[in-house]
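The values are calculated or read from the model by the stated rules, or taken from the named source; none is laboratory data. Values in this document were obtained by computation on a predicted structure and should not be read as measured data. Neighbour counts are summed over all protein chains in view; Cβ atoms, including those assigned to glycine, are modelled from backbone coordinates with ideal geometry.
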Amino acid sequence: MQTPSGAPNPMVNLDAIKSLLILPRSNAVLWDVKHQGDENRNEALSLCLQLGHKMWKKVSGYHKRSLVETAMFRFKRLGDRLMACDFDRQVAEVHISIVVLNRFVSLGMPVTVAV
């Protein structure tokens, strides 16, 4: 996180912060570099500590990941397995499940009006 002269580096390494997609605990500490990946974790953790959790979530795309996980959970709640044996019918079954899920989501969305 420093330049060769020892000054703080103003450039943020986004690759390192994106490699750590699990939100570090608030009391997380840097590890000794013993295993492969420890250095990346330490760099991402130090960026998280420097930017703060809120900004780290924005930069890393953490919220998108969370939304995808939630969508997959909802999709799996409609049924874990496909009943059709033929591939084309399985594709149709998945499309129907997605239409049903989208309809459920649209019914639950509140309509807001600016006052």
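Numbers at a glance
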{"read-out": "Among (1) exposed (fewer than 10 other Cβ atoms within 10 Å of the Cβ); (2) of a type in the set (S, T, N, Q); (3) in a helix (DSSP H, G or I), the one test that THR112 misses", "value": "(3)"}
{"read-out": "Selection within region 54-85 - more than 30 Å from ALA44 (Cβ to Cβ) and either in contact with a helix residue (DSSP H, G or I) (Cβ under 9 Å, 6 or more places away or on another chain) or part of a helix (DSSP H, G or I) (or both)", "value": "ARG77, LEU78, GLY79, LEU82, MET83, ALA84"}
{"read-out": "Residue selected from region 65-109 under the condition loosely packed, with under 12 Cβ neighbours inside 10 Å and within 16 Å of the chain's Cα centre (by Cα), by the criterion nearest to GLN50 (Cα to Cα)", "value": "LEU67"}
{"read-out": "Residues of region 88-107 that turn out to be within 18 Å of LYS76 (Cβ to Cβ) and small (Gly, Ala, Ser), as a count", "value": "1"}
{"read-out": "Some residue of region 25-32 being surrounded by 14 or more Cβ atoms within 10 Å (Cβ to Cβ) and either at pLDDT below 75 or within 18 Å of the chain's Cα centre (by Cα) (or both)", "value": "no"}
{"read-out": "Matching residues, region 86-109, being in a helix (DSSP H, G or I) and not hydrophobic (A, V, I, L, M, F, W, C)", "value": "ASP88, ARG89, GLN90, GLU93, HIS95, SER97, ASN102, ARG103, SER106, GLY108"}
{"read-out": "Unmet criterion (only one of (1) out of contact with any helix residue (DSSP H, G or I) (no Cβ under 7 Å at 6 or more places or on another chain); (2) modelled with pLDDT under 80) for ASN13", "value": "(1)"}
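Yes/no per residue for (1) in contact with a Leu (Cβ under 6 Å, 6 or more places away or on another chain); (2) within 13 Å of LEU23 (Cβ to Cβ); (3) among the basic types (Lys, Arg):
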site	(1), (2), (3)
LYS57	no, yes, yes
LYS64	no, no, yes
LYS76	no, no, yes
ARG81	no, no, yes
ALA84	no, no, no
PHE87	no, no, no
ILE96	no, no, no
